[in-house]
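Please see the structure below; I have some questions.
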Amino acid sequence: MIYQPEKECISREQLRALQLKRLQATVALEYKQVPMYRAMMDQKGVKPEDIRTLEDIRFLPFMNKTDLRDYYPFGLLAAPQSDIVRVQGSSGTTGKPIVVGYTQNDVDVWTEMVSRALAAAGAGRDDIVQVCYGYGLFTGGLGAHQGASALGAMVIPMSAGNTQRQIMMMRDLGSTVLCCTPSYATYLGETIREMGLVPGKDIRLKAGIFGAEPWSEEMRQRLEELLGIDALDIYGLTEIAGPGVAFECLEKHGMHVNEDHVIVEVIDPVTEQPLPYGTPGELVFTTITKTGQPMLRYRTHDICTLDDTPCPCGRTTVRMSRITGRTDDMLVIRGVNVFPSQIESVLVSIHGVAPHYLLEVDRVNSADTLEVKVELTEDMFSDTVSQIEAVRQLIAEQIKSVVGVQAKITLVPPRSIPRSEGKAKRVIDHRKY
Ligand code: ADP
Ligand code: ZN
């Protein structure tokens with residue numbers, strides 16, 4: 001279902017006109033209210049009135065995560081602090097946390113984006129939405145919650161963790177839509193199967209909306225089979241809004257970017273030049289409807305490709321591909337660029353191993369080493385040593401051919417890799433730089 005056809009299916013011409021008007025207003029607001037951004041614009045010699053067309057966005061300076069850290073906590077607010085009604089923050093796993101202030105308008109904008117995502121997965125007021133993203137500073141829990149509430153659905157605010165209780169509620173209340181990370185969905189799905197529960201009979205889920213971490217097409221198939229659902233991707237980041245910045249429709253062919261609220265660009269991360277649709281690069285977002293802490297040309301470090309070909313669903317917005325990696329997640333192993341998502345694709349396609357893995361990188365005698373620890377499935381675990389060895393060799397060969405590096409493959413017993421209720425930790429890099 002299309003939640004707001006008048007906005008989601010707007011003609012490209014009308015959309016561009018709307019984007020320009022909103023961009024100009026946001027730039028003027030930032031220039032007036034945020035001294036740090038005014039200084040950056042002055043340094044580049046650009047004034048708000050220089051933004052005459054959408055393409056002029058490229059004259060604006062970029063914003064980075066470091067700006068949020070340097071001006072922590074409220075140095076980037078464009079609204080008086082008394083207008084801020086919410087603070088959300090990033091997990092801070094990569095350093096000092098960042099916080100973002102939201103006005104009521106910003107909470108509403110974010111909610112609208114999530115409602116669109118849920119509706120695109122077929123959710124409506126008759127649905128029961130089980131939210132097992134964490135509630136708190138992390139945007140996942142509250143984001144999904146607000147979006148589902150605005151749709152009029154029944155929300156079960158489970159938050160993360162306690163898998164047995166999640167499954168009990170899912171079963172007893174008859175949840176139809178699941179919102180969590182793809183890694184946690186896999187864990188839920190496997191546990192449901194181990195308990196002998198049958199999707200379609202004991203479990204009534206019809207759709208899952210999974211985000212906050214990268215996942216693969218193979219993982220989609222796995223989740224759809226495990227849970228008997230349509231598994232859809234949702235993307236977002238705290239700095240811009242939270243989940244819902246972009247979402248998949250049932251065509252499952254890229255995530256529609258909510259372009260009436262954000263302008264999306266893809267740039268070459270080295271030259272910082274904008275790239276045409278179809279060329280992979282780093283995603284850059286500009287918020288055009290936020291008033292609390294607007295972001296102009298925010299560099300995400302996420303890598304993907306934009307697609308502006310029409311989508312059969314009728315939405316006219318540009319779609320972004322899955323995130324294939326982060327510029328700061330990329331491992332350089334013996335000179336080869338390796339993304340954890342490439343290894344995941346290999347693992348998910350191999351029978352006998354579960355999509356739970358850990359990459360350990362080290363440096364021995366000045367040469368990089370990669371060890372891939374991957375769990376065997378219960379079935380495979382009880383197989384003969386030679387069968388297990390065959391799986392190990394197959395993984396090693398496939399990784400060598402797909403990723404281009406030699407890896408040591410260690411098969412570990414089922415459930416031995418720590419499960420995360422939030423974002424999965426996939427890489428441990430022991431190298432000293
Ligand atoms: P943190 O910096 O603590 O991870 P966020 O929760 O705001 O903070 O995370 C945003 C990041 O999560 C994105 O920049 C992206 O790297 C990742 N992410 C979010 N959704 C997806 C998704 N659907 N696919 C891949 N990565 C995603
Ligand atoms: Zn579509």
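Tell me, which residue of the range 252-283 that is among the small types (Gly, Ala, Ser) and either within 16 Å of ligand 2 (Cβ to nearest atom) or buried (at least 20 other Cβ atoms within 10 Å of the Cβ) (or both) is farthest from Ala117 (Cα to Cα)?
Going through the qualifying residues, I end up with Gly281.
Which of the residues that make up the range 272-291 are within 28 Å of Val85 (Cβ to Cβ) and within 16 Å of ligand 1 (Cβ to nearest atom)?
Leu283, Val284, Phe285, Thr286, Thr287, Lys290
Considering only residues that are in a loop (DSSP other than H, G, I, E, B) and either under 17 Å from Leu151 (Cα atoms) or in contact with a strand residue (DSSP E or B) (Cβ under 7 Å, 6 or more places away or on another chain) (or both), which ones fall in the range 1-27?
Met1, Ile2, Tyr3, Gln4
If you don't mind, another one. Take the range 168-188 and flag every residue that is modelled with pLDDT of 95 or more and either farther than 18 Å from Ala354 by Cβ or of a type outside the set (A, V, I, L, M, F, W, C) (or both).
Listed by number, the residues that qualify are Met168, Met169, Met170, Arg171, Asp172, Leu173, Gly174, Ser175, Thr176, Val177, Leu178, Cys179.
Let me ask something else. Taking the range 201-218, which residues are away from ligand 1 (no atom under 11 Å from the Cβ) and outside any loop (DSSP other than H, G, I, E, B)?
Ile203, Ala207, Gly208, Glu217, Glu218
With respect to Glu30, determine if the residue is surrounded by fewer than 15 Cβ atoms within 10 Å (Cβ to Cβ) and in a helix (DSSP H, G or I).
No, not satisfied.
So which residues in the range 222-236 are free of Cβ contacts under 8 Å to residues at least 60 places away in the same chain, in a helix (DSSP H, G or I) and of a type outside the set (A, V, I, L, M)?
The answer is Glu224, Glu225.
Given the criterion over 22 Å from Arg220 (Cβ atoms) and within 16 Å of ligand 2 (Cβ to nearest atom), identify the matching residue among Pro310, Pro294.
Pro310
Let me ask something additional. Being of a type in the set (A, V, I, L, M) and touching a residue at least 60 places away in the same chain (Cβ under 8 Å) is the filter; apply it to the range 307-339 and report the residue that is nearest to Lys252 (Cα to Cα).
Met320
State whether one or more residues within the range 136-149 are in a loop (DSSP other than H, G, I, E, B) and at pLDDT 95 or above.
No: zero hits.
While we're looking at this one, here's another question. What are the residues in the range 33-72 that are modelled with pLDDT under 95, farther than 19 Å from Phe285 by Cβ and either out of contact with any Lys or Arg (no Cβ under 9 Å at 6 or more places or on another chain) or outside any loop (DSSP other than H, G, I, E, B) (or both), if any?
Asp70
Asp230 fails exactly one of the following numbered conditions: (1) over 17 Å from Arg322 (Cα atoms); (2) in contact with a helix residue (DSSP H, G or I) (Cβ under 9 Å, 6 or more places away or on another chain). What is the number of that condition?
Just one mismatch for Asp230, condition (1).
Another one. Any idea which of (1) within 13 Å of ligand 1 (Cβ to nearest atom); (2) of a type outside the set (Ser, Thr, Tyr); (3) part of a strand (DSSP E or B) is the one Ala354 doesn't satisfy?
(1)
I need a count of the residues in the range 401-413 that are in contact (Cβ under 8 Å) with a residue 24 or more places away in the chain and over 15 Å from Val391 (Cα atoms).
Final tally of qualifying residues: 5.
Just to be sure I understand, how many residues within the range 220-242 are under 30 Å from Ile350 (Cβ atoms) and within 11 Å of ligand 1 (Cβ to nearest atom)?
Counting residues in the range 220-242 that are under 30 Å from Ile350 (Cβ atoms) and within 11 Å of ligand 1 (Cβ to nearest atom) gives 4.
A quick yes/no check of all residues on (1) within 25 Å of the chain's Cα centre (by Cα); (2) exposed (fewer than 13 other Cβ atoms within 10 Å of the Cβ):
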site	(1), (2)
Pro5	yes, yes
Glu13	no, yes
Gly45	no, yes
Asp67	yes, no
Val87	yes, no
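Return yes or no: is Lys201 in contact (Cβ under 8 Å) with a residue 40 or more places away in the chain and among the basic types (Lys, Arg)?
Considered against the rule, which asks whether it is in contact (Cβ under 8 Å) with a residue 40 or more places away in the chain and among the basic types (Lys, Arg), Lys201 comes out as no.
Another one. Can you list the strands (runs of 3 or more DSSP E) found entirely within the range 237-306 that contain at least 3 residues being more than 22 Å from Phe210 (Cβ to Cβ)?
Correct list: 262-267, 281-287.
I've got another one for you. Look through Val361, Val402, Val346, Val391 and report the one residue that is assigned to a strand (DSSP E or B) and more than 30 Å from Gln4 (Cα to Cα).
Matching residue, one of Val361, Val402, Val346, Val391: Val361.
Among the residues of the range 198-221, is there at least one that is surrounded by fewer than 17 Cβ atoms within 10 Å (Cβ to Cβ), of a type in the set (S, T, N, Q) and in contact with a strand residue (DSSP E or B) (Cβ under 9 Å, 6 or more places away or on another chain)?
yes
Of everything in the range 181-200, what is within 12 Å of ligand 1 (Cβ to nearest atom), outside any loop (DSSP other than H, G, I, E, B) and polar (S, T, N, Q)? Give them in sequence order.
Ser183, the sole residue that qualifies.
Going through Glu371, Glu378, Glu360 one at a time, which residue ends up being closer than 21 Å to Glu194 by Cβ and not assigned by TED's automatic domain parsing to the domain that holds Arg220?
That would be Glu378, the only listed residue that is closer than 21 Å to Glu194 by Cβ and not assigned by TED's automatic domain parsing to the domain that holds Arg220.
The values are calculated or read from the model by the stated rules, or taken from the named source; none is laboratory data. All figures in this text were calculated on a predicted structure; none of them were measured in a lab. Here Cβ is always computed from backbone atoms with ideal geometry, including for glycine, and neighbour counts include all displayed protein chains.
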